[in-house]
Each structure stands twice: as C-alpha cells, then as structure tokens.
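Visitor: The structure's right below; bear with me while I get my questions together.
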Amino acid sequence: MARGIPGPSGGPLLGMLPAFRRDVLGCTLDSFRRYGDIVAYPFGPRWGPLRRVVVGAYHPDDVHQVLTGTGHGFNRRTVGFEVMTEAFGYGLLTTEGDTWLRQRRTLQPLFTPKRVAGYAALMSDEARRIVADESVTPGAVVDLHRLMQRYTLRVVGRALFGEDVDEFVEDLFRLVPAVTAAIRARVVQVAQPPLSWPTPRNRRFTRLRAAQYAVVDRLLARASHQPGDRDNLVTRLRAARDPQTGQPLSAQEVRDQALIFLMAGHETTAGALTFTLDLLGRHPEAQDKVAADANLVRPALLEGMRLYPPAYVTERKVGSDTVLGGYPVPRGTMVLTSPWVTHRHPAYWPDPERFDLTRFVGNQNRPRYAYFPFGGGPRSCIGEHFAMLEAEVLMRALLDRYRVEAVGGPPQLRAYVTLRPAGPVLARLASR
Ligand code: HEM
C-alpha cells in the first residue's frame with residue numbers, strides 16, 4: 001500500500017471509482033490543486049483485500065521517472081491496457097517485453113522524419129480536398145470535429161492502405177465512438193468478467209471488435225490487389241524485417257498493426273486539430289498571426305495540445321518497489337501520469353488556462369516532462385512526426401483561405417480512451 005501520500009478518501013465501498021467515472025478530468029485536476037504533485041486515490045472498499053490505491057504522479061520529475069522507466073521498474077500490465085489488447089489485439093500499442101521490442105525495432109524505420117516527409121504530398125492533397133469540400137464555403141457553419149476526422153481518416157487511410165478510404169469513413173465514424181465507449185465501460189467495472197461470458201456488455205464488445213476487424217480485413221484485401229510497387233504502410237509492414245533477426249511480421253501482426261495505426265492514428269490528430277482551431281476561433285488576434293506567419297502554426301498546435309492533450313492520461317503498473325515523489329510505492333501499484341494535469345502545473349505554465357502560443361516560441365527552458373502530449377521514454381508515440389506534419393499541413397491550407405470564428409461556448413469534453421469533444425464543434429468560416 002502506498003502509505004503517506006496525500007489524497008481524497010472517496011466513498012467507503014468504491015472509493016474514488018464513481019468520481020473518476022463521472023469526471024476524470026475534473027477529479028484529477030482538483031486533487032492536484034488540493035493535494036499537490038503526488039496524489040493517492042483509493043479504489044474499491046476502504047478495508048479488506050479488494051482495496052486498491054492508484055497514484056497520480058503530476059510533477060515533471062516523477063513523470064520522467066515513470067515514462068522513461070517503462071520496461072524496467074514500470075510496465076503496462078494495467079486493466080486499461082489489458083482491455084485495449086482485448087479490443088485491438090497484439091499491435092505496437094498493446095504488446096510488452098520482447099514482442100513489443102521486436103515490433104518497435106521493425107516499425108521505427110517507417111516513422112523517421114525523413115520517411116514521414118514522404119507523406120507530405122498526400123497530406124497536402126487531402127488538405128486541399130477538405131478546403132474544397134462542398135460544406136466548406138465562405139459564411140458556412142461547419143462541425144470542425146467532423147471535418148478534421150474526415151481529413152485524418154483519409155490521410156491515415158491513404159498512408160496505410162494506399163487508397164482512398166472514403167467508402168469506410170462512415171462505418172468508422174460510427175464504430176470508433178462505439179468501440180471507445182465499450183472499452184471504457186469494461187475498464188471502469190470493478191472486475192472484468194471473461195469476454196467468453198455472454199453478458200450483454202460482453203456481446204456488444206465482441207460484436208464491435210469483429211466489426212472493426214471486418215473493416216481492416218476489407219482494406220487489407222484491397223491493398224493486396226494493388227500493383228506490387230505501391231508504397232504504403234501496409235506494403236512496408238509486410239516487407240519490414242526485424243533489423244536484428246531478419247524476421248518479418250506475421251499476417252495476424254500485420255492485421256493488428258493496421259488496426260492500431262488506423263485507430264490510434266486518426267482520432268488523436270483530429271482532436272488536436274479541432275481543439276486548436278476552436279481555440280484560434282476564440283482568439284482572433286492570435287489566429288491572424290498564425291495565418292500570417294507559417295512559423296507560428298506549430299506553436300499554435302502545441303499550445304492547443306497543452307490545453308487539450310488528446311492522450312490525456314497514461315497508466316503504468318509499478319513492477320518493483322520504488323520511491324516516487326519521495327514516497328515508497330510498492331510493486332503492483334497503478335500509477336497515472338496526466339498531460340491534462342501537468343500541462344496546467346502553475347510552476348511551469350503561469351496562468352495555465354490562458355491560451356498563449358508564445359509559450360512555444362523560442363527557447364523556454366522547461367523540464368522535458370512539463371509537456372508530454374506524445375508521452376515519452378521507450379513507449380513514446382511512434383506517430384509523432386506524422387501527426388505534427390499532418391496537422392501543420394491542414395492548418396496552413398485552411399487558415400490560408402478562411403478565418404475560423406467560434407460559434408457558441410467552448411466544447412464539452414468526453415474523456416474516454418482519448419479526449420474528444422462530446423458533440424459537434426461549430427465554427428463559422430469567413431473568407432480571409
Ligand atoms: C496528435 C496526435 C497524437 C497524439 C497526441 C498521440 C499520443 C500518443 C501517446 C501519448 C502515446 C504513448 C502512450 C503511453 O505512453 O502509454 C502514443 C503511442 C502510440 N501512438 Fe500516438 N499519438 C498521436 C498520433 C499518432 C499517429 C498519427 C499514429 C500512427 C500513425 C500513432 C500511433 C501510436 C502508436 C502505435 C503508439 C504505441 C507506441 C508504443 O507503445 O511503442 N499516434 N501516442
């Protein structure tokens with residue numbers, strides 16, 4: 001038991017579980033403001049063998065220790081990752097140990113800045129298509145989130161499978177929120193009944209899993225029928241060899257990787273773009289500067305992801321007894337790190353709720369883990385360069401032609417697997 005760490009006591013039977021279920025963002029941020037850099041949250045009954053403690057590590061030094069320690073003192077054998085594995089199979093996001101290392105070594109060369117630059121033309125193409133969309137006209141009110149999802153799905157779809165994925169876009173629009181809701185429903189249970197038990201929730205979970213693999217299989221089948229010289233991620237996945245052993249990925253691994261890239265690779269980037277454009281829609285002076293100076297596009301995105309990090313929380317399990325933030329934390333404890341919270345740490349981000357893109361202009365001399373929208377350490381996001389390039393290309397194309405004006409209040413948030421807007425994010429587009 002992690003002793004001495006300050007934190008809320010929660011209810012006698014479930015601890016903080018109901019509060020986390022209701023509002024994980026508010027709960028973690030409030031507790032950080034109240035208790036400080038390290039917080040212990042009880043889950044489950046207050047006494048007895050089912051009592052569990054989850055530790056929130058919010059100081060950049062502790063985040064550093066947790067994320068760079070993954071694979072040594074910390075691992076990903078948490079309920080959240082187990083359920084993700086049940087949903088998405090054994091791809092890069094979900095595997096551990098030697099399997100993960102082999103996959104990462106094999107896939108890393110596909111995501112170097114140089115390789116990713118090869119997708120710039122495809123991204124510009126798709127950005128032009130969005131700006132030319134029939135719903136995108138001067139004076140029109142658009143749902144930024146839907147538009148950005150369409151863009152990121154098309155980009156990752158084309159990069160992965162080499163072809164237009166428009167016929168799958170509607171399916172995926174329906175599937176992705178349903179899958180994330182099903183994952184979340186399973187994670188926040190006190191215990192997870194085996195998926196083979198035919199409960200209504202389990203049946204829904206397995207049905208959705210089958211539906212998303214059906215989409216991937218159709219896409220993979222199409223990618224197989226293309227001429228052999230086509231260069232896309234699937235052909236590269238099939239050709240990839242472990243640099244140390246020369247081994248290829250198995251067919252099932254290619255399938256799982258394709259699913260993970262499709263899922264991890266679009267909703268996060270769509271969120272980053274949507275939230276950033278919405279913020280710029282509320283800060284017209286900042287938007288004009290970004291539109292006039294391409295060097296400010298990146299700082300705007302980074303500041304957007306500071307306030308709205310799409311991967312708002314990551315979890316780890318302590319693999320061997322350790323000390324975190326000065327407190328002993330035993331093996332088996334679950335630890336949360338949260339960009340949502342640390343990105344609002346007042347010691348590094350004065351007036352944290354204010355949108356200010358100058359925070360990312362010039363050399364700011366902050367600790368590395370005061371900001372970590374893409375995680376860090378060995379399990380950091382493999383798609384970081386891809387996502388940043390993709391987002392910058394779209395921002396430039398859109399702001400070149402249009403001024404974005406927010407309509408209504410700031411978006412309501414839904415924090416399930418990723419942070420996303422709870423409903424449409426409306427904005428009026430005016431000619432620039
Ligand atoms: C703005 C967009 C994105 C954000 C904010 C984001 C964030 C993250 C974060 C925080 C992690 C680490 C999770 C952890 O430590 O537990 C991660 C891992 C990962 N991301 Fe991203 N991501 C983005 C875009 C992408 C894209 C475009 C792709 C693929 C094309 C991608 C594929 C992956 C994969 C495969 C992993 C697992 C890496 C591993 O465990 O070795 N992500 N991402």
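The values are calculated or read from the model by the stated rules, or taken from the named source; none is laboratory data. All values reported here derive from a predicted model rather than from experimental measurement. Positions of Cβ are backbone-derived with ideal geometry, glycine not excepted, and every protein chain shown enters the neighbour counts. Surface areas here come from the heavy atoms of the whole protein model, side chains and all, with no ligands, DNA or RNA. Shrake-Rupley method; radii C 1.70, N 1.55, O 1.52, S 1.80 Å.
Visitor: Quick one: compute a quarter of the convex hull surface over the Cα atoms of the range 58-431 and quote it in nm².
Guide: 19.4 nm²
Visitor: So for the pair Lys114, Arg207, with labels modelled 7 Å out along Cα→Cβ, what separation do we get in nm?
Guide: Placing both labels 7 Å along Cα→Cβ, they lie 5.0 nm apart.
Visitor: As I understand it, the dipole of the range 1-60 uses +1 on the Cβ of Lys and Arg and -1 on the Cβ of Asp and Glu, about the Cα centre. Which of Gly56, Ala19, Pro45 lies farthest toward its positive end?
Guide: The Cα lying farthest towards the positive end belongs to Pro45.
Visitor: Can you list residues from other chains, or at least 5 along the same chain, whose modelled amide H is less than 5 Å from the amide H of Leu324?
Guide: Distant-sequence amide H within range of Leu324: Val329.
Visitor: Testing the spin-label approximation: label points 7 Å from Cα along Cα→Cβ at Glu285 and Asp166. State their distance in nm.
Guide: Each label point lies 7 Å from its Cα, and together they span 4.2 nm.
Visitor: Next question, about the same structure. With a 1.4 Å probe and every protein chain left in place, work out the accessible area per residue of the range 138-267 in Å², rounded to a whole number.
Guide: About 44 Å² of surface per residue is accessible.
Visitor: Something else about it: Under 16 Å from the 7 Å Cα→Cβ point of Arg146, by amide nitrogen: which residues of the range 266-281?
Guide: 274
Visitor: Right, something else. Just subtract the alpha-carbon distance of Glu405 and Arg354 from 0.36 nm times their residue separation and send over the number in nm, one decimal.
Guide: Additional length available on full extension: 16.5 nm.
Visitor: Roughly speaking, what is the stretch gain from Gln412 to Arg428, that is 0.36 nm per residue apart minus the C-alpha to C-alpha distance, in nm to one decimal?
Guide: Length gained between Gln412 and Arg428: 3.9 nm.
Visitor: So for each of 172-185, 148-161 I average, over its residues, the number of other beta carbons within 10 Å; can you give me the resulting order with the highest mean first?
Guide: 148-161, 172-185
Visitor: What ranking, highest mean first, results for peptides 15-27, 330-342 when packing means the other Cβ atoms within 10 Å averaged over each residue?
Guide: Highest-to-lowest ranking by the protection proxy: 330-342, 15-27.
Visitor: Under the definition of Cα pairs under 8 Å and six or more residues apart, what whole-number percent is the relative contact order of the chain?
Guide: Averaging sequence separation for qualifying contacts and normalising by length gives 26 percent for the chain.
Visitor: Only Cα pairs under 8 Å and at least 6 apart count here; give the relative contact order of the range 175-280 as a rounded whole percent.
Guide: Contact order relative to length: 21 percent.
Visitor: Among 51-64, 204-217, how do they line up from the highest to the lowest mean number of other beta-carbon atoms within 10 Å?
Guide: Packing proxy ranking, top to bottom: 51-64, 204-217.
Visitor: Between Asp125 and Arg238, what FRET efficiency comes out of the Förster formula 1/(1 + (r/R0)^6) with R0 = 22 Å and r the beta carbon distance, rounded to 0.05?
Guide: 0.35
Visitor: Any idea what the dipole of the chain comes to, in debye rounded to 20, about its Cα centre with Lys/Arg Cβ at +1 and Asp/Glu Cβ at -1?
Guide: 1080 debye
Visitor: A further question on this structure: Where the centroid of each part is defined by its Cα atoms, how far is the range 379-432 from the range 52-127 in Å?
Guide: Each part reduced to its Cα centre gives a spacing of 22 Å.
Visitor: Would you work out what percent of the accessible area of the range 254-309, with all protein chains in place, is carbon or sulfur (probe 1.4 Å)?
Guide: It is 55 percent, rounded to a whole number.
Visitor: Run the numbers for Gln189 and Gln247: contour at 0.36 nm per residue of separation, minus the present Cα-Cα distance, in nm.
Guide: 17.0 nm
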